[in-house]
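Here's the structure, in structure tokens; my notes come after.
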Amino acid sequence: MQKSRGIQRFLINLPRSRESLKKEIKTSENSNKYYWNQRFSVERKIWGENPSKTAFYALELFKKYKIKSILIPGSGYGRNSKLFSKNHFHTVGIEISEIAFEIGKKYDPETKFINGSVLEMPFNDEKFDAIYCYNTLHLFLRGERNQFLKKCYFQLNEKGFIFFTVFSEKEISFGRGKEIEENTFESKPGRPTHYFSKKDLLEHFKEYQIIETGILEDQENHGEIGKHTHKLRYIYAQKLLN
Ligand SMILES: C[S@@+](CC[C@H](N)C(=O)[O-])C[C@H]1O[C@@H](n2cnc3c(N)ncnc32)[C@H](O)[C@@H]1O
């Protein structure tokens with residue numbers, strides 16, 4: 001029998017039990033979805049409510065370049081999107097975890113969140129002036145990274161901008177766990193992490209004119225590890241015309 005809409009809405013707001021999450025992975029090929037749903041269901045707003053320092057940095061660049069609309073692939077529960085939406089950018093987030101998606105809709109109601117995979121973009125025919133993507137590209141293996149970036153290119157207006165941050169080879173966790181592809185390690189089971197050198201990152205963005213790239217230190221305080229600093233590689237670049 002079909003559940004009423006009211007009950008469905010009620011159920012979707014409840015944190016999932018470990019049992020139902022286990023069942024979900026059996027029917028889902030997407031280990032990222034399982035990993036992040038599990039984390040968000042237990043830790044909720046994992047990184048707190050403050051945006052990453054890199055979002056403030058990108059905000060200034062976006063203002064300088066007169067950007068109006070921003071796509072945020074892997075938007076989580078909206079801690080970064082909220083910085084852009086409250087600064088009057090039209091902001092759209094794509095998030096695979098239903099749990100983060102539900103938290104995000106309440107936390108940042110000005111952003112339009114879409115619950116889906118960045119590998120399945122586009123979800124409509126909207127194009128954007130810019131993409132801000134925080135620590136999501138490094139979660140994929142080589143083939144999927146290329147697929148994701150092709151989709152991002154397609155989602156951008158002519159001469160649109162990208163601002164991506166990724167784990168660099170200077171991260172403290174670099175080399176931890178099984179190396180499943182070159183510079184990609186499974187430091188946590190089911191979560192591959194690719195560590196980017198400068199050369200590697202530039203190769204991923206060769207269809208763009210590079211404006212800036214480098215390392216940004218980003219502090220976090222969460223979970224068992226407590227306070228720690230990420231050494232993230234960032235890239236700010238503009239789409240070249242074909
Ligand atoms: C490291 S977290 C960063 C979250 C967010 N940017 C923040 O800083 O608050 C990576 C995010 O990407 C999401 N993600 C992973 N794979 C995805 C996919 N295939 N499509 C959409 N989102 C994905 C995760 O659920 C998670 O929210």
query: Nearest 20 debye, what's the magnitude of the dipole of segment 2-239 about its Cα centre given +1 on Lys and Arg Cβ and -1 on Asp and Glu Cβ?
result: 540
message: I need the semi-axes of the equivalent ellipsoid of the chain: take the C-alpha gyration tensor, multiply each eigenvalue by 5, square-root it, list largest first in whole angstrom.
response: 27, 22, 18
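Given the pairs LYS82/LYS106; LYS66/LYS106; LYS45/LYS82, which span a C-alpha to C-alpha distance of over 22 angstrom in this model?
Listed pairs above 22 Å: LYS66/LYS106.
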statement: Residue-normalised 222 nm signal for the chain, counting each DSSP H run of n ≥ 4 as -39,500 (n - 2.57), nearest 500 deg cm²/dmol, is -9500 deg cm²/dmol
statement: Least to most buried among HIS194, HIS228, by other C-beta atoms within 10 Å and fewest first, runs HIS228, HIS194
query: If Lys and Arg each add +1 and Asp and Glu each add -1, what is the summed charge of the other residues whose beta carbon sits under 13 Å from the beta carbon of CYS133?
result: +2
task: Among DSSP beta bridges whose residues both lie in the chain, state the antiparallel percentage, nearest 5.
output: 60
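Read-outs throughout are calculated quantities, based only on the coordinates presented, and are distinct from any laboratory measurement. What you see is a predicted model; the values in this text were computed from it and never measured. Glycine also receives a Cβ, built like all others from the backbone with ideal geometry; neighbour counts cover every protein chain displayed.
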